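Peer 1: Sending over a structure as structure tokens; questions will come in a sec.
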Ligand SMILES: [Mg+2]
């Protein structure tokens with residue numbers, strides 16, 4: 001379950017909290033010169049039609065008794081940090097996306113804090129009692145839905161999209177509510193008569209990809225209730241991944257294996273460059289209908305050689321039933337904190353020797369490709385592979 005927390009009229013609320021004279025009044029934070037714009041507007045000011053990014057002079061025209069407060073970014077970022085600390089007490093997977101917004105992955109928090117309603121109320125309550133501020137929270141099993149949900153009962157509201165509601169909810173989302181849909185995309189959709197997210201599925205995916213490019217992939221995934229964007233920059237940094245879309249969708253195992261080898265090589269190389277090891281290897285396969293599977297495996301002895309990573313990816317591939325054609329193959333490895341040398345000492349001689357042999361091969365390959373570029377040397381199995389489409 002993913003939460004999206006959005007503070008209500010953040011800068012303006014902080015000012016109203018710290019200056020009781022501003023309570024209940026139309027307040028904007030912003031400069032008072034001709035060229036200034038509204039940085040934040042209190043809900044009282046919004047009732048007059050005042051909005052963020054509106055020129056101050058225009059805001060004054062709309063609301064004659066408007067209180068204009070100069071901003072204090074240091075105060076807001078201090079406040080922001082205090083609020084993020086509250087989130088971090090619930091989950092390590094917090095991703096701050098702006099000064100007053102964050103995603104929190106609370107999937108693993110149930111045992112510690114209770115079900116998600118309890119967690120949501122707990123967070124809201126803490127922000128209110130400790131910071132005297134209100135926020136709106138959206139909750140959903142998918143990241144982009146959480147973002148949409150936090151806006152539904154704003155201000156001071158919550159909206160929870162339970163797992164069983166997802167399919168129906170997704171179908172009926174107004175297209176302009178989808179994060180990332182800008183003016184240009186919106187105009188294009190109007191022409192195609194796409195009004196709801198569910199309408200995307202009426203079109204051939206190749207047409208959507210042609211019209212919307214990379215964002216098209218996202219739209220198709222969203223329409224199929226898929227959002228794999230991880231929460232938390234920490235989680236992202238602690239792994240290395242390599243993936244590519246195939247030049248042509250296929251269900252031929254040998255081709256898929258070649259891609260796995262190529263990506264094992266890419267992540268292995270990166271690992272070795274960082275002098276790191278991995279003990280968790282995962283693979284990702286995306287099918288022609290954009291559904292996807294990931295499988296991961298914990299390996300007992302940490303590894304970094306291309307061959308060892310490749311071997312693990314093959315074991316994972318065997319566990320997946322391939323019923324549809326595949327359009328994308330990816331390999332991901334989690335970084336272990338310790339460096340390579342540390343583990344080598346702990347290894348038994350026998351295993352050590354085997355690994356060392358492959359490490360020598362990798363080392364040679366790494367240094368040659370460093371000097372002459374990636375295309376000059378490849379594993380023999382990859383010899384005839386054409387470059388994947390991007
Ligand atoms: Mg906000």
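The values are calculated or read from the model by the stated rules, or taken from the named source; none is laboratory data. None of the values given here were measured: they were computed from a predicted structure. Note: ideal-geometry Cβ built from the backbone for every residue, glycine included; neighbour counts use all protein chains shown.
Peer 1: Can you tell me which of (1) touching a strand residue (DSSP E or B) at 6+ places or on another chain (Cβ under 6 Å); (2) away from the ligand (no atom under 16 Å from the Cβ); (3) assigned by TED's automatic domain parsing to the domain that holds residue 17 is the one residue 53 doesn't meet?
Peer 2: In the conditions (1) touching a strand residue (DSSP E or B) at 6+ places or on another chain (Cβ under 6 Å); (2) away from the ligand (no atom under 16 Å from the Cβ); (3) assigned by TED's automatic domain parsing to the domain that holds residue 17, residue 53 misses (2) alone.
Let's see how each residue does on (1) assigned by TED's automatic domain parsing to the domain that holds residue 325; (2) in contact with a helix residue (DSSP H, G or I) (Cβ under 7 Å, 6 or more places away or on another chain):
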residue	(1), (2)
202	no, no
211	no, yes
290	yes, yes
298	yes, no
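Peer 1: A further question on this structure: Looking only at residues in region 25-43 that are part of a loop (DSSP other than H, G, I, E, B), modelled with pLDDT of 95 or more and away from the ligand (no atom under 14 Å from the Cβ), which one is farthest from the chain's Cα centre (by Cα)?
Peer 2: Applying the filter and picking the extreme gives 25.
Peer 1: Among the residues of region 228-242, write down those that are farther than 18 Å from residue 270 by Cα, crowded, with 17+ Cβ neighbours inside 10 Å and modelled with pLDDT of 80 or more.
Peer 2: 231
Peer 1: Moving on to the next point. Being buried (at least 20 other Cβ atoms within 10 Å of the Cβ), within 16 Å of the ligand (Cβ to nearest atom) and touching a residue at least 40 places away in the same chain (Cβ under 8 Å), is that true of even one residue in region 64-75?
Peer 2: no
Peer 1: Quick test of your reading of the structure: residue 85 fulfils all but one of (1) under 28 Å from residue 142 (Cα atoms); (2) at pLDDT 90 or above; (3) surrounded by 15 or more Cβ atoms within 10 Å (Cβ to Cβ). Name the failing condition by number.
Peer 2: (3)
Peer 1: Inspect all residues belonging to region 10-24 and state whether any of them is within 16 Å of the ligand (Cβ to nearest atom), assigned to a loop (DSSP other than H, G, I, E, B) and either closer than 30 Å to residue 225 by Cα or free of Cβ contacts under 8 Å to residues at least 60 places away in the same chain (or both).
Peer 2: No, every residue in region 10-24 fails to be within 16 Å of the ligand (Cβ to nearest atom), assigned to a loop (DSSP other than H, G, I, E, B) and either closer than 30 Å to residue 225 by Cα or free of Cβ contacts under 8 Å to residues at least 60 places away in the same chain (or both).
Peer 1: Just to be sure before I move on: is residue 58 within 16 Å of the ligand (Cβ to nearest atom), out of contact with any helix residue (DSSP H, G or I) (no Cβ under 9 Å at 6 or more places or on another chain) and at pLDDT 90 or above in the structure I sent?
Peer 2: no
Peer 1: Same structure, new question: Among residues belonging to region 97-147 that are within 16 Å of the ligand (Cβ to nearest atom) and assigned to a helix (DSSP H, G or I), point out the one that is surrounded by the most Cβ atoms within 10 Å (Cβ to Cβ).
Peer 2: 146
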